[in-house]
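Asker: Please read through the structure below; I'll follow up with questions.
The values are calculated or read from the model by the stated rules, or taken from the named source; none is laboratory data. The structure presented is a predicted model; accordingly, all values stated were derived computationally and were not measured. In this analysis, Cβ positions are derived from the backbone assuming ideal geometry, glycine residues included, and neighbour counts consider all displayed protein chains. Just so you know, the surface numbers come from the protein's heavy atoms only, side chains and all, with ligands and any DNA or RNA stripped out. Shrake-Rupley method; radii C 1.70, N 1.55, O 1.52, S 1.80 Å.
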Amino acid sequence: MGCLVSTPKDTVGNRRRPANIGEVSVYVPGLRIPKPVDFSQSLGDHLSKSLVERLSALRTRIVVMAGQEGPTITRTRRKTATQHGGSTLADLQQALEDYLPVLLGLMKDGSQLQHKVQFVWVNQEDDAEETAMSNAWYEMLSILHLMAMLSLSQANLLLLPRTSSDGYQPKVTEESRRASIDIFIKAAGYLDCAVRHVHPQLPTELKRNLPVDLAEGVLRALCLQALGQGVDIQLGMAIDSTKATLAVKRRLACEMVKYWQQAQDNIMNLPLLNGWGEKHRLFVKWKYVEAKAAAYYYHGLILDEGNTEKFHGMAVAALQAADEYFKESKKACDAFHAAPPLSRNPPLWGTMKYLSEKIPKDTSSKVRINRDLYSHEKIMETAPTLPDFALALKPDEYQLPPVDPSWNMEHMNKGQTGSNQLRNDRR
């Protein structure tokens, strides 16, 4: 059930990729763009003209907006106001939310209408240029993925440092940081819903033929990335707070490691080979190593508070590991930005601005002090195991909306037509 067509890359030319996407705080692996669909041809004999026209109008709005914004939306843009005064991202997000309840009518009560329309989307991370499937759940999966990517784009714009009014170096306001955490949780909610409630609706054959953009592993990784970046913001805010203890900071850093490790595990064996896909893999690697640098740093500081040689030796090993991971993270960062499409690191701020100053300095001084105090044998050569904490930040519990009421009218009208037909037959 559900016809599949995948177009090899470079045969149609619909996939327009920018050469440079500017500054990146939050990586968005391109936006999948929907192509036009003729609902009247596939549904004209099954639905009222008004409902077909409504479906067409809602989806055409998305096709036009996504087609205009897709090639540019991943680039750094300080201003996002449209000529109508609204945010481009918010307008497209609203268009998607308006479409969902009407789209869901095609799948209502297992209706066969879900197989009548062939939906076509241009891919970004997959090797195939585009993928067409005659299954409305594929369309639903694509819509949720796009909603999540728009949210991540919005978070990226919020987390790019801006020059402050006082003339000092660029920074990200606390208001933007708090807002970004809510957006990360929302994006994770869309992706979690896609994995738990939409993916299972697809037949096994179609699941196997989904573009890698929509592979379960990629969706899970993106969900974990969103949560990992949310915790990164929480850690930065804890660093700025005089009330946050070392234990709190270590816990957040260790949780961050788990999110990024799980994200890496989910995409490790997937064919993320072309531009966006390879860059996605490099982003996860960079952030995973960066998180480990933060976790070992705070673990080392807490171990150093111990009163025995063993604790001090473990502290030195942890801090040395933090320093090594920090150096490795800088190389991973350079590799990510150098991969096509090219990108730039924004001015350092938050967690990494603080740690880029503290890790080399504290590691050097504490290693020197402890090596003076203890023999070489007392200093551990391998880093101690990081403590294991339960993950606290969870995806938003996003639920698919109820089917649009217009479908109830559709069934009533169909029922009325059927009864009239029966009356005429009796005559």
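Asker: Which residue out of LYS186, LYS108 is assigned to a helix (DSSP H, G or I), touching a Ser or Thr at 6+ places or on another chain (Cβ under 9 Å) and not aromatic (Phe, Trp, Tyr)?
Answerer: Criteria check complete, one pass: LYS186.
Asker: Suppose we filter region 314-350 for residues that are at pLDDT 90 or above, more than 21 Å from THR385 (Cβ to Cβ) and open to solvent by less than 60 Å² (accessible area, probe 1.4 Å); how many remain?
Answerer: Looking only at that region, the number is 7.
Asker: Condition check: in a helix (DSSP H, G or I), at pLDDT 85 or above, open to solvent by less than 50 Å² (accessible area, probe 1.4 Å) and at negative phi. Does VAL63 satisfy that?
Answerer: Yes.
Asker: Which one of these does LEU224 not meet: (1) open to solvent by less than 60 Å² (accessible area, probe 1.4 Å); (2) closer than 22 Å to HIS299 by Cα; (3) assigned to a helix (DSSP H, G or I); (4) not acidic (Asp, Glu)?
Answerer: (2)
Asker: Which ones in region 235-267 are of a type in the set (A, V, I, L, M, F, W, C) and free of Cβ contacts under 8 Å to residues at least 40 places away in the same chain?
Answerer: Once the filter is applied, which keeps residues that are of a type in the set (A, V, I, L, M, F, W, C) and free of Cβ contacts under 8 Å to residues at least 40 places away in the same chain, region 235-267 yields ALA238, ALA244, VAL248, LEU252, MET256, TRP260.
Asker: Let me ask another. Please tell me if GLU309 is charged (D, E, K, R), touching a Lys or Arg at 6+ places or on another chain (Cβ under 6 Å) and open to solvent by 10 Å² or more (accessible area, probe 1.4 Å).
Answerer: So GLU309 fits the description; yes.
Asker: Ok, one more. Could you check region 297-328 and list, in sequence order, the residues that are small (Gly, Ala, Ser) and within 14 Å of THR382 (Cα to Cα)?
Answerer: Correct list: GLY300, GLY313, ALA315, ALA317, ALA318, ALA321, ALA322.
Asker: Just name the residue that is most open to solvent (accessible area, probe 1.4 Å) out of those in region 164-204 that are in contact with a strand residue (DSSP E or B) (Cβ under 9 Å, 6 or more places away or on another chain) and free of Cβ contacts under 8 Å to residues at least 60 places away in the same chain.
Answerer: Checking each candidate, the answer is THR173.
Asker: Regarding TYR168, is this residue hydroxyl-bearing (Ser, Thr, Tyr), closer than 20 Å to ARG196 by Cα and either in a helix (DSSP H, G or I) or modelled with pLDDT under 90 (or both)?
Answerer: Taking the combined requirement at face value, the residue does not satisfy it.
Asker: Which number in (1) closer than 16 Å to ALA194 by Cβ; (2) modelled with pLDDT of 95 or more marks the one condition that GLU125 misses?
Answerer: Every listed condition holds for GLU125 apart from (2).
Asker: Now for a separate question. Taking the options SER111, SER153, SER134, name whichever one is of a type in the set (S, T, N, Q), modelled with pLDDT under 95, more than 17 Å from PRO401 (Cα to Cα) and open to solvent by 10 Å² or more (accessible area, probe 1.4 Å).
Answerer: Answer to the selection: SER111.
Asker: Considering each of ILE369, ILE379 in turn, give the residue that is under 42 Å from the mean Cα position of the chain (by Cα), modelled with pLDDT under 90 and under 30 Å from ALA293 (Cα atoms).
Answerer: ILE379
Asker: Mind counting the residues in region 189-220 that are within 17 Å of the chain's Cα centre (by Cα) and outside any helix (DSSP H, G or I)?
Answerer: Adding up the residues that qualify gives 2.
Asker: I've got another one for you. Restrict the check to region 125-136 and report whether at least one residue is out of contact with any strand residue (DSSP E or B) (no Cβ under 9 Å at 6 or more places or on another chain) and under 30 Å from THR351 (Cα atoms).
Answerer: yes
To keep it simple, each residue is scored yes or no on (1) without any contact (Cβ under 8 Å) to a residue 24 or more places away in the chain; (2) more than 28 Å from the chain's Cα centre (by Cα).
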{"position": "ARG281", "(1), (2)": "yes, no"}
{"position": "TYR288", "(1), (2)": "no, no"}
{"position": "LYS292", "(1), (2)": "no, no"}
{"position": "ALA295", "(1), (2)": "no, no"}
{"position": "LEU303", "(1), (2)": "no, yes"}
{"position": "GLY306", "(1), (2)": "yes, yes"}
{"position": "HIS312", "(1), (2)": "no, yes"}
{"position": "VAL316", "(1), (2)": "no, yes"}
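Asker: Would you point out which residue out of ALA226, ALA215, ALA188, ALA148 is among the aliphatic types (A, V, I, L, M), under 30 Å from GLU357 (Cα atoms) and in contact with a helix residue (DSSP H, G or I) (Cβ under 9 Å, 6 or more places away or on another chain)?
Answerer: ALA226
Asker: So, in region 258-284, exactly how many residues are assigned to a helix (DSSP H, G or I) and open to solvent by 10 Å² or more (accessible area, probe 1.4 Å)?
Answerer: Going through region 258-284 one residue at a time, the tally reaches 10.
Asker: Follow-up question, since we're still on this one. Since ARG250 meets every condition but one in (1) in contact with a His (Cβ under 6 Å, 6 or more places away or on another chain); (2) buried (at least 22 other Cβ atoms within 10 Å of the Cβ); (3) more than 15 Å from THR351 (Cα to Cα), which condition does it not meet?
Answerer: It is condition (3) that ARG250 fails.
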